[in-house]
Amino acid sequence: MSLSFTNSIAVQSRARALVPLCVGAGAYLFFLTIGDTLLQDSDSFWQIKIGQWILDHHALPYADIYSFTRLGEPWISTSWLSQILFAASYAQWDWAGPVILTALAIATSAAIFVYLLDAHLEIPRSVLFAMLAVTLSLHHILARPHILALPVMIAWVGVLMHAADRKVAPSWVWLPLMSLWANLHGGFVLGLALIGPIALEAIWTLDSGKQVRLLARWFLFGVGAMAAACVTPYGWRTLLGATNILNLGELLSVISEWMPANFASFSGFEGAIFGLIAIGLFRGLTLSPPRILLVLLFTWMGLTHVRSIEAFAFLVPLVLAKPLGEKSPLPQIDAHGSESWPARYVTVTGALMIAAAAWTSTSIYMSHHRFTFTMDQTPVAAVDLLQQRKVQRIFNAYQFGGYLISRNVPVFVDGRAELYGEKFVMDFFKATEGKKPELLPRLLDEYKIDATLLVADAPGPQILDHLKGWKRIYADHIAVIHVRESSESAAATPSK
């Protein structure tokens, strides 16, 4: 091998080592510049509020303290660590803090994703898969705990697939990833559920004797992962709390992120499914039954709940990476082979320069841009009026719950659907969306409501306009307020 060719391989190897960092930096800067789009879900408000409460009290919540309909009911926060991180960043930099934290999580996810694919695929295809995965996930990339857990999910599945590809059991060294995931977000149950199918892939082509031994090792790893998931302040209750959301039945069909995918018009997810089929046909992929099961599982998840599309986007390529790499006619470069200390010094220097450039860009951008939450989720003027009137019990729209919690106003309902239960929230939606308008006066009387705060373009305010005993006192393009006429009279009567 000539010296020039050897040097070329070394240069490509170092360049390849920096590709995941470059992709991560690009993703970070992109989401920093569109940071306001990350602030579109009112759940971010109560996530931060709970994080602030944890920091102030040096304790974790075990009961609800934010609603008047479930006050004191048992409730645990399975995203407590993410909530602390969001609260600390918000306290330091206002809304820029959660935006930066979310952008960093997406950047880390993209970098880990490319690094894992790099073991089997060429750089252009790895980067292309990363761009497609991020694009598919755009609808659910928000300043919320599931994004902070995203890089952990990708790393965990990458570790499992790497072990399965090598026909070995995962190292127990990686179990802390499960503990971290369990403290960041309740989605860690997916990581536990995937151990079985991926273990089948690991043993699929082995003879029966080796299958039994390897399956036993995977089983022990699964037990260890289950134990690691309980290494949280809540212990085993973390498992119960994380699965409660899956028991909400019909309610999951009306909460937007839990709705099934809608193919009434062409979407990126639909295109991705067609692309997946096209790749399989064009490349003539032959997958083992366990890999087929995994691809079908992730596809089914995305079809069933739109919030699972990011799992489809990031995890399906990890499952297909090895089969696709085996079909590639291009030679592979060993990007992770041994390098001399000068070469490593160059790589580390390049990484530090990328990090420094990203932080400098952040500082410059923050100096002239103030991040703001979307107006549709923040009925500021309406809540100001309600507080001036000293209203005690407010029947609020589902999407306003988080903002009310941030204003220290007890809520009727908010995004913690698992706390309120299927029947309660379904009755609320049916009453306010006009599906069962007769439920509305019953709920208002049952919970002794003083005022309502509903979305301006929803059916609820129109129903209240014709409901005896209620009067509209305020409306803008975001929210509408109705009060009981008796309350209106009492407010108009001067105190003696």
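The values are calculated or read from the model by the stated rules, or taken from the named source; none is laboratory data. Since the structure is predicted, the reported quantities are computational estimates derived from the model, not experimental observations. Because the Cβ atoms are built from the backbone with ideal geometry, glycine has one as well, and the counts that use them run over all protein chains shown.
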Q | Where TRP181 falls short, out of the listed (1) surrounded by 22 or more Cβ atoms within 10 Å (Cβ to Cβ); (2) of a type in the set (Phe, Trp, Tyr); (3) modelled with pLDDT under 95 | A | (3)
Q: Run ALA225 past the list (1) within 30 Å of VAL168 (Cα to Cα); (2) buried (at least 16 other Cβ atoms within 10 Å of the Cβ); (3) among the small types (Gly, Ala, Ser); (4) in contact (Cβ under 8 Å) with a residue 60 or more places away in the chain and report the number of the one that doesn't hold.
A: (4)
Q. Do you know which residues across the range 357-388 are among the aromatic types (Phe, Trp, Tyr) and either exposed (fewer than 14 other Cβ atoms within 10 Å of the Cβ) or in a helix (DSSP H, G or I) (or both)?
A. TRP359, TYR365
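So which residues in the range 233-245 are in a helix (DSSP H, G or I) and either loosely packed, with under 13 Cβ neighbours inside 10 Å or without any contact (Cβ under 8 Å) to a residue 40 or more places away in the chain (or both)?
We begin by selecting, within the range 233-245, every residue in a helix (DSSP H, G or I); these are 237-245.
Answer for the range 233-245, where residues must be in a helix (DSSP H, G or I) and either loosely packed, with under 13 Cβ neighbours inside 10 Å or without any contact (Cβ under 8 Å) to a residue 40 or more places away in the chain (or both): just LEU240.
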(Q) I'm trying to understand the selection: among the residues of the range 114-139, which are buried (at least 20 other Cβ atoms within 10 Å of the Cβ) and either under 16 Å from the mean Cα position of the chain (by Cα) or among the basic types (Lys, Arg) (or both)? (A) ALA133, VAL134, LEU136, SER137
**Q.** Single condition ALA479 does not satisfy, out of (1) surrounded by fewer than 22 Cβ atoms within 10 Å (Cβ to Cβ); (2) touching a strand residue (DSSP E or B) at 6+ places or on another chain (Cβ under 6 Å)
**A.** (1)
Q.
So if I check each of ALA111, ALA155, which one is touching a residue at least 24 places away in the same chain (Cβ under 8 Å) and touching a Cys at 6+ places or on another chain (Cβ under 9 Å)?
A. ALA111
Q: Working only within the range 186-210, note down all residues that are part of a helix (DSSP H, G or I) and surrounded by fewer than 16 Cβ atoms within 10 Å (Cβ to Cβ).
A: ALA193, GLY196, SER208, GLY209, LYS210
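When you look at PRO342, is it part of a helix (DSSP H, G or I) and at pLDDT below 80, yes or no?
yes
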**Q.** Criterion (aromatic (Phe, Trp, Tyr), assigned by TED's automatic domain parsing to the domain that holds SER179 and modelled with pLDDT under 80) met by exactly one of TRP258, TRP236
**A.** TRP258
(Q) Within the range 257-274, take every residue that is of a type in the set (Gly, Ala, Ser) and in contact (Cβ under 8 Å) with a residue 40 or more places away in the chain and give me the one that is surrounded by the most Cβ atoms within 10 Å (Cβ to Cβ). (A) ALA272
Q. Got at least one residue in the range 57-79 being over 26 Å from LEU138 (Cα atoms), in a helix (DSSP H, G or I) and of a type outside the set (A, V, I, L, M)?
A. yes
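Conditions tested, residue by residue: (1) out of contact with any Pro (no Cβ under 7 Å at 6 or more places or on another chain); (2) of a type in the set (Phe, Trp, Tyr).
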position: PHE282; (1), (2): yes, yes
position: THR286; (1), (2): yes, no
position: PRO290; (1), (2): no, no
position: LEU293; (1), (2): no, no
position: LEU296; (1), (2): yes, no
position: THR299; (1), (2): yes, no
position: VAL319; (1), (2): yes, no
position: PRO323; (1), (2): yes, no
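Each row is one residue, and each column tells you yes or no for (1) modelled with pLDDT of 95 or more; (2) outside the structural domain of LEU240 (by TED's automatic domain parsing); (3) more than 19 Å from PHE68 (Cβ to Cβ); (4) outside any helix (DSSP H, G or I).
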{"site": "LYS390", "(1), (2), (3), (4)": "no, yes, no, yes"}
{"site": "GLN399", "(1), (2), (3), (4)": "no, yes, no, no"}
{"site": "PRO437", "(1), (2), (3), (4)": "no, yes, yes, yes"}
{"site": "LYS468", "(1), (2), (3), (4)": "no, yes, yes, yes"}
Q.
Looking at the range 90-104, can you tell me whether even one residue there is within 21 Å of the chain's Cα centre (by Cα), farther than 29 Å from VAL316 by Cα, free of Cβ contacts under 8 Å to residues at least 24 places away in the same chain and part of a helix (DSSP H, G or I)?
A. yes
**Q.** Tabulated pairs, the range 474-496, first under 13 Å from LEU464 (Cβ atoms) and in a strand (DSSP E or B), second at pLDDT below 95 and among the small types (Gly, Ala, Ser), C-beta under 7 angstrom, 6+ apart or interchain
**A.** ALA475/ALA456; ALA479/ALA456; VAL480/ALA456; ARG484/GLY469
(Q) modelled with pLDDT under 95, of a type in the set (Ser, Thr, Tyr) and either in contact with an Asp or Glu (Cβ under 9 Å, 6 or more places away or on another chain) or over 21 Å from ALA107 (Cβ atoms) (or both): which single residue out of THR37, THR33, THR78 fits that description? (A) THR78
Q.
Condition check: surrounded by fewer than 20 Cβ atoms within 10 Å (Cβ to Cβ) and modelled with pLDDT under 85. Does PRO323 satisfy that?
A. no
**Q.** Restricting the range 439-459 to residues that are in contact with a His (Cβ under 9 Å, 6 or more places away or on another chain) and not in a loop (DSSP other than H, G, I, E, B), the residue that is farthest from GLU250 (Cα to Cα)
**A.** ALA451
Q: Those residues that are buried (at least 16 other Cβ atoms within 10 Å of the Cβ) and farther than 26 Å from MET226 by Cβ, I need them from the range 246-256; list them, please.
A: LEU251, VAL254, ILE255
Q | Criterion violated by ASP94 - all others in (1) on the phi > 0 side of the Ramachandran plot; (2) in contact with a Ser or Thr (Cβ under 6 Å, 6 or more places away or on another chain) satisfied | A | (2)
Q: Could you please give the count of residues in the range 437-461 that are of a type outside the set (Phe, Trp, Tyr) and loosely packed, with under 14 Cβ neighbours inside 10 Å?
A: 6
Q | Residues of the range 180-236 satisfying the condition of being closer than 25 Å to ALA321 by Cβ and of a type in the set (Asp, Glu) | A | GLU201
